Amino acid sequence: MPRSSSSRRKNKWQQAPRDLSDSVAGMRTSRSLPDGTWSVQTVKGNDSGKVYVCPGCGRDVSAASSHIVAWRQDAPHGIEIGVESRRHWHQRCFDRFR
(Lines give C-alpha, C1' and ligand atoms only; values in the text may rest on other atoms or scores of the structure.)
Protein backbone atom coordinates (compact mmCIF):
# COMPACT_ATOMS: atom_id res chain seq x y z
CA MET A 1 0.00 0.00 0.00
CA PRO A 2 1.52 3.40 -0.95
CA ARG A 3 2.23 5.95 1.76
CA SER A 4 0.10 9.01 2.03
CA SER A 5 1.87 12.20 1.04
CA SER A 6 -0.04 14.28 3.57
CA SER A 7 0.77 14.31 7.25
CA ARG A 8 -1.87 13.36 9.79
CA ARG A 9 -0.49 15.86 12.28
CA LYS A 10 -1.62 19.47 12.28
CA ASN A 11 0.86 21.95 10.92
CA LYS A 12 2.03 24.11 13.85
CA TRP A 13 2.22 27.15 11.59
CA GLN A 14 -1.50 26.89 10.81
CA GLN A 15 -2.54 26.84 14.48
CA ALA A 16 -3.62 29.99 16.29
CA PRO A 17 -0.80 31.52 18.38
CA ARG A 18 -0.93 30.88 22.11
CA ASP A 19 -1.53 33.75 24.51
CA LEU A 20 1.60 33.87 26.68
CA SER A 21 0.77 37.01 28.64
CA ASP A 22 -0.37 35.08 31.72
CA SER A 23 2.65 32.79 31.85
CA VAL A 24 5.18 35.58 31.21
CA ALA A 25 3.60 38.01 33.66
CA GLY A 26 4.43 35.76 36.61
CA MET A 27 8.09 35.51 35.70
CA ARG A 28 9.00 39.18 35.31
CA THR A 29 8.43 41.85 37.94
CA SER A 30 9.22 45.54 38.28
CA ARG A 31 11.03 46.88 41.31
CA SER A 32 11.25 50.55 42.21
CA LEU A 33 14.73 51.08 43.65
CA PRO A 34 16.68 54.23 44.60
CA ASP A 35 18.49 54.24 41.24
CA GLY A 36 15.37 53.72 39.11
CA THR A 37 12.80 51.13 38.15
CA TRP A 38 14.21 47.70 37.30
CA SER A 39 12.70 44.76 35.43
CA VAL A 40 13.66 41.62 37.32
CA GLN A 41 13.27 38.07 36.07
CA THR A 42 14.24 34.82 37.81
CA VAL A 43 15.92 32.35 35.47
CA LYS A 44 16.01 28.62 36.10
CA GLY A 45 19.25 26.80 35.51
CA ASN A 46 19.82 25.27 32.07
CA ASP A 47 22.55 23.33 30.30
CA SER A 48 23.52 25.98 27.73
CA GLY A 49 27.05 26.15 29.13
CA LYS A 50 27.08 29.96 29.22
CA VAL A 51 28.86 31.82 32.00
CA TYR A 52 28.04 35.41 32.96
CA VAL A 53 29.81 37.84 35.32
CA CYS A 54 27.75 39.13 38.25
CA PRO A 55 28.02 42.95 38.42
CA GLY A 56 27.57 42.79 42.19
CA CYS A 57 30.51 40.60 43.16
CA GLY A 58 32.45 40.15 39.91
CA ARG A 59 32.28 36.35 40.14
CA ASP A 60 30.97 33.92 37.55
CA VAL A 61 27.25 33.17 37.28
CA SER A 62 26.75 29.79 35.62
CA ALA A 63 23.70 29.35 33.41
CA ALA A 64 23.29 25.97 35.13
CA SER A 65 22.33 27.68 38.40
CA SER A 66 19.17 29.62 39.17
CA HIS A 67 19.85 33.39 39.09
CA ILE A 68 18.37 36.85 38.44
CA VAL A 69 18.35 38.76 35.15
CA ALA A 70 17.72 42.47 35.67
CA TRP A 71 17.78 45.68 33.65
CA ARG A 72 16.71 49.26 34.15
CA GLN A 73 13.45 50.17 32.50
CA ASP A 74 14.70 53.63 31.54
CA ALA A 75 17.79 55.79 31.78
CA PRO A 76 18.12 58.87 34.01
CA HIS A 77 17.54 61.16 31.01
CA GLY A 78 14.59 59.23 29.62
CA ILE A 79 16.52 57.23 27.03
CA GLU A 80 15.24 53.68 26.85
CA ILE A 81 17.95 51.19 27.79
CA GLY A 82 15.86 48.05 27.52
CA VAL A 83 16.80 44.42 27.33
CA GLU A 84 20.17 45.09 25.63
CA SER A 85 21.58 46.20 28.99
CA ARG A 86 20.35 43.23 31.03
CA ARG A 87 22.76 41.72 33.53
CA HIS A 88 22.84 38.34 35.22
CA TRP A 89 23.08 38.55 39.02
CA HIS A 90 23.35 36.11 41.89
CA GLN A 91 20.11 36.35 43.90
CA ARG A 92 21.97 37.43 47.06
CA CYS A 93 24.06 40.03 45.22
CA PHE A 94 21.02 41.66 43.63
CA ASP A 95 19.20 41.81 46.98
CA ARG A 96 22.28 43.28 48.68
CA PHE A 97 23.28 45.87 46.07
CA ARG A 98 19.84 46.88 44.82
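The values are calculated or read from the model by the stated rules, or taken from the named source; none is laboratory data. Bear in mind that the values here come from a model prediction, so they are computed numbers and not experimental data. All Cβ positions, glycine included, derive from the backbone under ideal geometry; neighbour counts span all protein chains shown.
Numbers for the structure displayed
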| item | result |
| --- | --- |
| Selection count where residues are outside any strand (DSSP E or B), exposed (fewer than 10 other Cβ atoms within 10 Å of the Cβ) and at pLDDT 65 or above, scope segment 3-33 | 10 |
| Checking Gly36 against (1) surrounded by 10 or more Cβ atoms within 10 Å (Cβ to Cβ); (2) at pLDDT 70 or above; (3) at negative phi, the condition it does not meet | (3) |
| Inter-residue pairs, beta-carbon under 8 Å, first within 19 Å of Phe97 (Cα to Cα) and among the charged types (D, E, K, R) and in segment 18-36, second modelled with pLDDT under 80 and in a loop (DSSP other than H, G, I, E, B), 6+ apart | Arg31/Arg98; Asp35/Arg98 |
| Residue list for segment 52-90, restricted to those being hydrophobic (A, V, I, L, M, F, W, C) and either in a strand (DSSP E or B) or at pLDDT 90 or above (or both) | Val53, Cys54, Cys57, Val61, Ala63, Ala64, Ile68, Val69, Ala70, Trp71, Trp89 |
